[in-house]
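Just so you know, all these numbers are worked out from the coordinates, no wet-lab data involved. No experiment lies behind these values; they were computed from the predicted model shown. Reconstructed Cβ throughout: ideal geometry from the backbone, glycine too, with neighbour counts over all protein chains shown.
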Ligand SMILES: [Zn+2]
Ligand SMILES: [Zn+2]
């Protein structure tokens, strides 16, 4: 990715439903990845999750850090799911497969990016009607 002069000053913010957990993201937002795994379905309460894979250093938490749940995902690798233990909103996750990365849930952003997802993973676990036609796909994780 090229570093546009504005990228370092771009600031995105987000947080949970009740406002107790807030974060800020420095820099540009990456392409959106949809995850159809059964654990994302359950934690999102929806058909799939929408994710932004960021460098952990790009994200700073205001006030209380989020609560964490040690998940045992389908991939078999470790996955820490970050959420608000007051209102239950899913906020982010840390995957053992991607050290140094923080995977932020798109729906927690104050102003989610307008661009549609560019990739989808775990389509083997997807609800058939929820698969994005024509999108680059991984049957399982990446
Ligand atoms: Zn909350
Ligand atoms: Zn998932």
Two pseudo-spin positions, 7 Å from Cα along C-beta at residue 78 and at residue 130, lie apart in nanometres by 2.7
1/(1 + (r/R0)^6) with r = Cβ-Cβ of residue 85 and residue 139, R0 = 25 Å, i.e. FRET efficiency to nearest 0.05, evaluates to 0.15
Per residue, the convex hull enclosing the alpha carbons of segment 9-109 has a volume in Å³ of 89
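Hey, what D do you get for segment 9-63 in µm²/s if you plug the Kirkwood alpha-carbon radius into Stokes-Einstein at 37 °C and 0.692 mPa s? Mind showing how you got there, number by number?
Numbers: Rh = 12.6 Å.
It comes out at roughly 261 µm²/s.
How much length is gained on full extension from residue 42 to residue 13, taking 0.36 nm per residue of separation minus their Cα-Cα distance?
Taking residue 42 through residue 13 to full extension adds about 8.0 nm, to one decimal.
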Expressed in nanometres to one decimal, the distance between label points 7 Å along Cα→Cβ at residue 116 and residue 61 is 3.5
Relative contact order in percent for the chain (Cα pairs under 8 Å, 6+ apart) equals 26
